[in-house]
């Protein structure tokens, strides 16, 4: 629970700063605008978290989410059956990737790096130029306006809850985390590490597919480059959320909060009317500041 | 020599030769071969220079990867070209020094973030690279300054044996890196840290200074590459380094260095760099579209890694 | 040769052999373990104990002969559990989640409650008075608590009840009172019809708990008799080492001209002092701050920024995997790491000098390998430990810090290393030696006993007795039996 304190505090501080800069954001519409794009990022972050949880890192997340967006925008509206098969095929491909990495003991960084080319190429083949449309039901879900609380916030809570149940509470999640913690012990207990890693990648694939679909639901069109920055955003989100790079120690709730924080950081900068030259630099600076705060808090904790 | 196929760099070279053969035969053989070789050596040199630095960092173990290489290249190229402003003579020295010093500065900042904030190097270098990039954007202001003529001539020239000057330079630097990693105490210490940083510290390895020196070396190599690339291509561009992030990691790993750390491989860097260039030109000469080209590049990289790593698959 | 047992055996080995390449790790072993038996398995490192266990627990298949589980299809159905030396817990999981890794029936709604119930019941039964909670992450627990959890998981109730539990050095991180609780539980478990295979280098424990003892040497089972037929001396002799471990040099015989007590060359914040050439022991129950004190001392005497060709101190790791071994490297490179500065000219390593140092120390400390260029992991644990000793001793450092370096090392190696330590001390080196074993502490000139992170007693010469150390290790009023 203490691990969650810092991500929560960073998020609250950032929200306060945004409200202070832009009091109008303190409304239903304002909140919706602020957090709208957080939903796909949160899903991608959870996907990345599952990969990091089993000791790997996925450098193809952005390309994969882009590919899903292209499939969702170009194929799903016109041919739902084919679109669904392709999306399921993408998840199966992810599972196969996990199995390959474990079976041949390959470095995940390199394999996913190579896969980023593959996903990118496939996306260009499916949707050579930006376009397509979102399936009506998807837009309806993503742009729904439930009473009192904006959709983006409800969706984030649901994502966090589902991810927490699957990863932290279920027996399935325990097995996957065990793989990240002590793969030798897992195989000694008679379980197939290949199957487990495949399951982990499949789970990540499910969340990543959801991310791509959610993104199209919001933007209503696809593009082979639409989500390339998700690779870095998702990794940063996991870390901001208190996840560790090794040893299978992650927090799904923290990851969602990390994703929300990152989304908000973008809005915060545009409210500051920063010169465009410095916007990207400021994003880096915010990341560094949050990480510095995390260190200070942890050290204070140790002293206490 | 009997076991040469067991050398970690062997497969990278085999792949490079195969790609060369395939492309050459497509371009109807003959004189096209030389042109292809020159192009591969020239563009490969840039990958080699960034790859050598990245390899040093990757050797330090899991999580150690420098993601700020592209931003460092852009920053070094922008500022050094601005300083030289097309002038020759002593300004060339000043420009080169600027590029290298920017590398030193970036390396120190990267290391300071990793050390002081105790954050994973990937996150530290990623966050910092945003700052470097902003700095480059701010100093560049969309101007494109031409490099001094002497430098442009040097980087595009082929003075000795018809082999590009850049390739000779990269080869010389490669030899230095080989000596560092295989003969020097510094390389031994990097490898120790890569296998087990805690044990290395307890065995008296000065972990902090070795890590700092490694990140500085990597950034200096990025700065130098940025400087050379800008001179070669007639000016600095904001996205000039973009492809070298993935390229530097890819050539390191295709070249047979262990991503788990502790094990590095210098000759493989060349094999990996040539292969990466040749594979793209091979797909180009098949006249394939961008989508298929990307897709095949990815599949081939993974296939090579899967085959090459199969040798060292654990029980 | 098997011991007759009326009831069906849990596991039967019939001429089982196992080879790794040219190395015959296990050579035609016949063995059967029946319900109610506690089999003590002894032998030096490399005698084949681990291979035997791995055959029984189904990790390896025998190269020749057979392993069968009467009445069950495989080792899992036969109810065979094992606790190995290398750690079977996942540090990122909680105690109850770790049970899930080994017990497959824990699924569906409410599995957490069931898992917590099983593991806590086992902990309560084996280690009454423990303070472990089911929701604690393993990584947040002490080494002793982790070992207790591992043992509890081995004995915990499950879909297939435990019928044979293999305990490989189960007390290596436990202090005496907790180890005694385990011994009690093993006797109770066997009385209830369970079987145990107990591997320990502490012969006292073997005699305490085993009903039958199997001695292994060079991959063969060379003796298999009821425990009562063995004497301590007979057992040691059977293992093949002439080294009589009762022969302890009296502290007086060790006494050297150490000078006045005030002439100490080092003093840690905790108050540990040492003079030149002195062997100073850090004793007390495991986990009372000795290892931390040593690590702090070493780090304060070495730099994170500057390597030194004349280091002030060197460190010998006890946890080889975590603190010592460089797994990618050869034995030679592992050995010369700490002394690298002396081998370096202009930043480059003198390979000839490195090879010289390597072969010199191979001879001096007896590292058993045909080629120092072989990977360090090709060595047995004891020989890896020797290489780590040589790494420290090959430097010129005046102070050698040792963090319980004899964990899992056989008696033969120990005796050789004790001699070497005495020899080096006579040459003026100072040793700071944390050990959990009384035999080792008796080698010291002076002993600081730790309790709760502070020094509770300083003993010297003839004062260094088991009684005195125990008295200082336990709180007064505590039932230290």
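The values are calculated or read from the model by the stated rules, or taken from the named source; none is laboratory data. A quick note: this is a predicted structure, and the numbers were derived from the prediction, not measured. Note: ideal-geometry Cβ built from the backbone for every residue, glycine included; neighbour counts use all protein chains shown.
Any residue at all in segment C:363-372 that is part of a helix (DSSP H, G or I), more than 12 Å from every other protein chain (Cβ to nearest Cβ), more than 28 Å from residue C:303 (Cβ to Cβ) and without any contact (Cβ under 8 Å) to a residue 24 or more places away in the chain? So that I can check it myself, show each step before the final result.
Of the residues in segment C:363-372, the ones part of a helix (DSSP H, G or I) are C:363-365.
Okay, now just the ones that are also more than 12 Å from every other protein chain (Cβ to nearest Cβ), so C:363-365.
Still in the running and more than 28 Å from residue C:303 (Cβ to Cβ): C:363-364.
From the residues that got through so far, the ones that are without any contact (Cβ under 8 Å) to a residue 24 or more places away in the chain too are C:363.
Looking through segment C:363-372, at least one residue is part of a helix (DSSP H, G or I), more than 12 Å from every other protein chain (Cβ to nearest Cβ), more than 28 Å from residue C:303 (Cβ to Cβ) and without any contact (Cβ under 8 Å) to a residue 24 or more places away in the chain.
Restricting to segment B:265-299, what's the tally of residues that are facing another protein chain (nearest Cβ under 8 Å) and assigned to a helix (DSSP H, G or I)?
Restricting attention to segment B:265-299, the residues satisfying the condition of being facing another protein chain (nearest Cβ under 8 Å) are B:289-299.
If we keep only those that are assigned to a helix (DSSP H, G or I) as well, we get B:290-299.
So the answer is 10.
Matching residues to (1) crowded, with 22+ Cβ neighbours inside 10 Å; (2) outside the structural domain of residue C:407 (by TED's automatic domain parsing); (3) closer than 24 Å to residue C:123 by Cβ:
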| position | (1), (2), (3) |
| --- | --- |
| C:141 | no, yes, yes |
| C:155 | yes, yes, yes |
| C:163 | no, yes, yes |
| C:234 | no, yes, no |
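Here's a check for you: in segment B:301-315, which residue that is part of a helix (DSSP H, G or I) and either at pLDDT 80 or above or facing another protein chain (nearest Cβ under 7 Å) (or both) is surrounded by the most Cβ atoms within 10 Å (Cβ to Cβ)? If we take residues in segment B:301-315 being part of a helix (DSSP H, G or I) and either at pLDDT 80 or above or facing another protein chain (nearest Cβ under 7 Å) (or both), then B:301 is surrounded by the most Cβ atoms within 10 Å (Cβ to Cβ).
From the residues in segment C:119-131 that are touching a helix residue (DSSP H, G or I) at 6+ places or on another chain (Cβ under 6 Å) and either part of a helix (DSSP H, G or I) or surrounded by fewer than 18 Cβ atoms within 10 Å (Cβ to Cβ) (or both), which one is nearest to the other protein chains (Cβ to nearest Cβ)? Here the residue is C:119. For segment A:141-181, filtered to residues that are at pLDDT 90 or above and under 22 Å from residue A:84 (Cβ atoms), the residue that is farthest from the other protein chains (Cβ to nearest Cβ) is A:155. Could you list, in sequence order, all residues of segment A:87-138 that are more than 9 Å from chain B (Cβ to nearest Cβ), surrounded by fewer than 22 Cβ atoms within 10 Å (Cβ to Cβ), touching a helix residue (DSSP H, G or I) at 6+ places or on another chain (Cβ under 8 Å) and not in a helix (DSSP H, G or I)? Correct list: A:131, A:133, A:135. Among the conditions (1) over 28 Å from residue A:249 (Cα atoms); (2) part of a loop (DSSP other than H, G, I, E, B), the only one that residue A:56 does not satisfy is (1). Any idea which of B:223, B:262 is touching a residue at least 24 places away in the same chain (Cβ under 8 Å) and either part of a loop (DSSP other than H, G, I, E, B) or more than 27 Å from residue B:126 (Cβ to Cβ) (or both)? Criteria check complete, one pass: B:262. Within segment C:139-155, the residues that satisfy the criterion of being modelled with pLDDT of 90 or more and within 13 Å of chain A (Cβ to nearest Cβ) are C:146, C:149, C:150, C:153, C:154. Cβ-Cβ contacts under 7 Å between residues 6 or more apart (or on different chains), taken from a first residue in segment A:269-298 that is within 7 Å of chain B (Cβ to nearest Cβ) to a second residue that is outside any helix (DSSP H, G or I) and surrounded by fewer than 16 Cβ atoms within 10 Å (Cβ to Cβ), are listed as A:295/B:118.
Any residue in segment C:174-185 that is touching a helix residue (DSSP H, G or I) at 6+ places or on another chain (Cβ under 6 Å) and at pLDDT below 90? Scanning segment C:174-185, I find at least one residue that is touching a helix residue (DSSP H, G or I) at 6+ places or on another chain (Cβ under 6 Å) and at pLDDT below 90, so the answer is yes.
Of all residues in segment A:59-79, those satisfying the criterion of being touching a residue at least 40 places away in the same chain (Cβ under 8 Å) and in a loop (DSSP other than H, G, I, E, B) are A:59, A:60, A:75, A:76, A:77.
Selection of segment C:78-94 for residues being assigned to a loop (DSSP other than H, G, I, E, B) and more than 16 Å from residue C:34 (Cα to Cα) yields C:84, C:85, C:86, C:87, C:88, C:89, C:90, C:91, C:92, C:93.
The helices (runs of 4 or more DSSP H) falling completely within segment B:106-203 that include 1 or more residues that are away from chain A (no Cβ under 11 Å) and either surrounded by 21 or more Cβ atoms within 10 Å (Cβ to Cβ) or within 20 Å of the chain's Cα centre (by Cα) (or both) map to B:149-156, B:165-183, B:185-195, B:197-202.
When B:67, B:41, B:49, B:56 are checked against the criterion of being at pLDDT 85 or above, within 30 Å of residue B:236 (Cα to Cα) and part of a loop (DSSP other than H, G, I, E, B), a single residue qualifies: B:67. Of the residues in segment A:132-149, at least one is touching a residue at least 12 places away in the same chain (Cβ under 8 Å), within 27 Å of residue A:67 (Cβ to Cβ) and touching a strand residue (DSSP E or B) at 6+ places or on another chain (Cβ under 6 Å). Do we find that residue B:229 is within 14 Å of another protein chain (Cβ to nearest Cβ), out of contact with any strand residue (DSSP E or B) (no Cβ under 7 Å at 6 or more places or on another chain) and on the phi < 0 side of the Ramachandran plot in this structure? Here the answer is no, as residue B:229 does not meet what is asked. Scanning segment A:150-189 for residues that are free of Cβ contacts under 8 Å to residues at least 12 places away in the same chain and assigned to a loop (DSSP other than H, G, I, E, B) returns A:170, A:182, A:189. If you go through segment C:121-145 and pick out every residue that is closer than 20 Å to residue C:81 by Cα and free of Cβ contacts under 8 Å to residues at least 24 places away in the same chain, you end up with 2. Here residue C:162 does not qualify as outside any loop (DSSP other than H, G, I, E, B), touching a helix residue (DSSP H, G or I) at 6+ places or on another chain (Cβ under 7 Å) and under 30 Å from residue A:174 (Cα atoms).
Filtered by the rule that a residue be in a helix (DSSP H, G or I), over 27 Å from the mean Cα position of the chain (by Cα) and either closer than 14 Å to residue B:189 by Cβ or facing chain B (nearest Cβ under 9 Å) (or both), segment C:300-345 gives C:340, C:341, C:343.
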